[in-house]
Number of protein chains: 2
Amino acid sequence: MSAGLSPSAPLSPDEGTAGMIARRQALLGASYRLFYDRPVHLVRGENVWLFDADGRRYLDAYNNVPCVGHAHPRVVEAVARQMATLNTHTRYLHGTILDYTERLLATYPSEFGHVMYTCTGSEAVDLALRIARHETGGTGVVITRNAYHGTTAVTAGLSPLLGPAVPLGRDVWTVPAPDGRPDAGETFASDIRAAFADMRRHGVRPAAFLADSIFSTDGTRPGPVGFLKAAIDAVHAENALYIADEVQPGFGRTGTHMWGFARHGIVPDMAVMGKPMGNGLPIAGVALRPEVAERFGREVRYFNTFGANTVSIAAATAVLDVIEEEGILGRATASGEHLLQGLHLLSQRFAEIGDIRGAGLYIGVELVRDGEPDAARAKQIVNRMREDGVLIGASGPADNVLKIRPPLTFSQGHADLLLDTLASALQAGS
Amino acid sequence: MSAGLSPSAPLSPDEGTAGMIARRQALLGASYRLFYDRPVHLVRGENVWLFDADGRRYLDAYNNVPCVGHAHPRVVEAVARQMATLNTHTRYLHGTILDYTERLLATYPSEFGHVMYTCTGSEAVDLALRIARHETGGTGVVITRNAYHGTTAVTAGLSPLLGPAVPLGRDVWTVPAPDGRPDAGETFASDIRAAFADMRRHGVRPAAFLADSIFSTDGTRPGPVGFLKAAIDAVHAENALYIADEVQPGFGRTGTHMWGFARHGIVPDMAVMGKPMGNGLPIAGVALRPEVAERFGREVRYFNTFGANTVSIAAATAVLDVIEEEGILGRATASGEHLLQGLHLLSQRFAEIGDIRGAGLYIGVELVRDGEPDAARAKQIVNRMREDGVLIGASGPADNVLKIRPPLTFSQGHADLLLDTLASALQAGS
């Protein structure tokens, strides 16, 4: 279980929320988990701020879905207008999906040519894999050791993060995520080659390599620029497809580039988009090189009832407008650098801060004790910061990495507030 | 390919839409198909009416998603209000999901106790199957021969409708859908028993039986009331779970009952909901008996980023409000009966009308020639009615069943317009 997650029965609910938690357990069942020892009851959001039922304000430094900020008026208005006009599906002609797809593809390398739409990142990974298996005739997939790629049966089987009760797929091989050593790129490529070789030794034909370029759940490992080049060559040498899971790094999260893979100058075969695409409206998709879906397109029809319906496209269009007009990538780059600098300064004061890694506004901060991962301390810091009005999470294979991933409208001033609150939490001791 | 679907390159696009179709093929790829030989370019919807770019009005007798009518003001307002307030996920506490879940469960038999939320029907079927496999320890699933259950890898493997290029899962057995004979219920149960026996003979342990109680894609076969009782007994005798796919029959589609299975007085183990749940907002889910998710809940955490986010719940709540306050079930029952009567009268005039089957506002009309299914004629009628301003589809294993499935606000007057238009199309000859 991730350090930021409480079990379904939290440890110390306050009086006001205890009844709500009990109702929730009764109605939704035990699979539903809450954040924080004292879960937050939210009622309103505005830009980087969330407000609870008592009117208390929280700085949201966790949620990547509202990438242009909670309740951005441009998105709210676009959705309201389209809802009142027409909400229908892709088996009728509609102009906005075409305009949006052209704009979206313009943010991709020129090799990309199609977008296929789903409602969720899970569905998009699932579809990308269906296409990869159909095109290659193979089934085998290589992923990283603590990856998370979704919640459908197949994508949960590509998600070791979910723990031992969720079996990996029989055709799934794992490799360690790249670490921070200078030869990390070569080691990673070599591990991928070895995994494909073992796969073939078991009579399984390769279909795809699937990874998120910042290795979010592997502890946030953005790696040095360009270090994925050897990996993609290793994948292509097997005639397998390289699927970039951009659900986390996509839409400017890493600051300098719209897509995480672009930081490394590689061109994958498919890219999967999700969470921030509609600022909270359920839209996701697969962008791809047309040639990799040629046989699939001819032989398999694809329809997703709500996928890219007219309302979701209105939301996604407004998100692209805001990203462009408000200079979101530049702002995220600047805020992210400011935050990283502040974290490095903090690490000089607090020995328990280990490695600090990040790109743009996806930042991981290791907590260590005697050189070992300290999950208990990470959990304590996350909960203390929640009490002090700043929402972050924790993740990583050892659950000791503070996960900082705010809306991209997060400013340097917001970063300073986060740094002060983190410093207090560290100062308070364990 | 279903008779209502055109290949990606339609036969006779008119000048105004040809450019749009070409852009669409270039941007979305060949897997995307359009309805009708001359696809419709829609720009506005209101209750049962859709309007194209030239201002032409169409009676929508096909779309089940906008169950309370296109752009229902109650839903539009609820979504706009919630979008401007807060759109977030289920790892924070929020009251409306609890209120909604209580109301939703009140429409189910008392044995049901939890709802788990997804964004799409595909995800919901996929989750139900994950739970069934986890709980039973089995993997085998029995479905009907022309079923459609979704578009994820696993649910596409439960969807023979998608054609031979999409392989069924290795653990999937099919049975014929029940036909109209008096002993259809017993025959169906006996086929299910035989499928499970063959499954066990191959060393595969049963997990679930999965069917939609009106067998939509098997040609619309609502069957006599109560005829599924023998089937559910056969499933339970195998210690397998009975999953009712309510994506089509649910939310009052069959008129007399909120859920299709309730027409038959059976209590499944899980029910999967989808399309009409949010009148077009992507929300879907699994309602279940708590005991069937006990081990899953303990061992597997479940999170779906957009599933039951606060905006989707606002839409779903407004849909329940309208269903109750506008007496939607009663209206759908009355309109459906009126339409069925009219169709039976038409069948006395036109020998090419074969069997007519329906429950509530899900109606199938067979077209036959010399006693054989006539898919070409069904396609012709569907396209002619589109030209005459009424939108329906066609489906069934032989693609010869006109599929009439309008918003549930469809009135007897709307039904009369549909009947007149159908009569003209039949009159015009082939």
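Select from segment B:123-137 the residues that are more than 7 Å from chain A (Cβ to nearest Cβ) and under 27 Å from B:Gly278 (Cβ atoms) and write down the one among them that is surrounded by the most Cβ atoms within 10 Å (Cβ to Cβ). The selected residue is B:Ala124. So for segment B:103-118 (the condition being assigned to a helix (DSSP H, G or I) and within 19 Å of the chain's Cα centre (by Cα)), does at least one residue qualify? Yes, that holds for at least one residue. Of the candidates A:Gly157, A:Gly140, A:Gly203, A:Gly150, the single residue that is buried (at least 23 other Cβ atoms within 10 Å of the Cβ), free of Cβ contacts under 8 Å to residues at least 24 places away in the same chain and under 27 Å from B:Thr152 (Cα atoms) is A:Gly157.
Residue selection: B:Arg386 fails the criterion of being closer than 20 Å to B:Gly219 by Cβ, among the charged types (D, E, K, R) and touching a strand residue (DSSP E or B) at 6+ places or on another chain (Cβ under 8 Å). Within segment B:282-319, the set of residues being in contact with a Gly (Cβ under 6 Å, 6 or more places away or on another chain) and under 27 Å from B:Gly137 (Cα atoms) comprises B:Ala284, B:Pro290, B:Ala293, B:Gly297. Remark: B:Ile381 falls outside the filter, which requires a residue to be at negative phi, touching a Cys at 6+ places or on another chain (Cβ under 7 Å) and of a type outside the set (Gly, Ala, Ser).
Beta carbons closer than 7 Å, at least 6 apart along the sequence or on distinct chains, pair a first residue in segment A:23-36 that is more than 7 Å from every other protein chain (Cβ to nearest Cβ) with a second that is modelled with pLDDT of 95 or more for A:Tyr36/A:Asn383; A:Tyr36/A:Arg386.
Output the number of residues of segment A:39-57 satisfying the condition of being within 10 Å of chain B (Cβ to nearest Cβ) and over 21 Å from the mean Cα position of the chain (by Cα).
10
Checking every residue in segment B:98-114 against the condition of being in contact with a strand residue (DSSP E or B) (Cβ under 6 Å, 6 or more places away or on another chain), crowded, with 22+ Cβ neighbours inside 10 Å, facing chain A (nearest Cβ under 8 Å) and more than 22 Å from B:Asp321 (Cβ to Cβ) gives at least one match. Within segment B:295-302, is even one residue surrounded by fewer than 24 Cβ atoms within 10 Å (Cβ to Cβ) and more than 8 Å from every other protein chain (Cβ to nearest Cβ)? Yes, segment B:295-302 contains a residue that is surrounded by fewer than 24 Cβ atoms within 10 Å (Cβ to Cβ) and more than 8 Å from every other protein chain (Cβ to nearest Cβ).
Inclusion of B:Glu337 among residues that are of a type in the set (D, E, K, R), in the same structural domain as B:Gly255 (by TED's automatic domain parsing) and surrounded by fewer than 19 Cβ atoms within 10 Å (Cβ to Cβ) is not warranted. Before we move on, is B:Gly252 at positive phi and more than 8 Å from chain A (Cβ to nearest Cβ)? So B:Gly252 fits the description; yes.
Criterion applied to B:Gly140, B:Gly157, B:Gly163 was being touching a helix residue (DSSP H, G or I) at 6+ places or on another chain (Cβ under 9 Å) and within 11 Å of chain A (Cβ to nearest Cβ), and the one residue passing it is B:Gly163. Restricting A:Ala376, A:Ala308, A:Ala332 to those that are of a type in the set (A, V, I, L, M) and assigned to a loop (DSSP other than H, G, I, E, B) reduces the list to A:Ala308. Within segment A:347-374, the set of residues being surrounded by 18 or more Cβ atoms within 10 Å (Cβ to Cβ) and aliphatic (A, V, I, L, M) comprises A:Ile353, A:Ile356, A:Ala359, A:Leu361, A:Ile363, A:Val365, A:Leu367. Answer yes if at least one residue in segment A:252-274 is among the basic types (Lys, Arg) and over 19 Å from the mean Cα position of the chain (by Cα), and no otherwise. There is no residue in segment A:252-274 that is among the basic types (Lys, Arg) and over 19 Å from the mean Cα position of the chain (by Cα).
Just to be sure before I move on: is B:Val247 more than 10 Å from chain A (Cβ to nearest Cβ), within 14 Å of B:Val125 (Cα to Cα) and surrounded by 24 or more Cβ atoms within 10 Å (Cβ to Cβ) in the structure I sent? Here the answer is no, as B:Val247 does not meet what is asked.
The values are calculated or read from the model by the stated rules, or taken from the named source; none is laboratory data. Since the structure is predicted, the reported quantities are computational estimates derived from the model, not experimental observations. Reconstructed Cβ throughout: ideal geometry from the backbone, glycine too, with neighbour counts over all protein chains shown.
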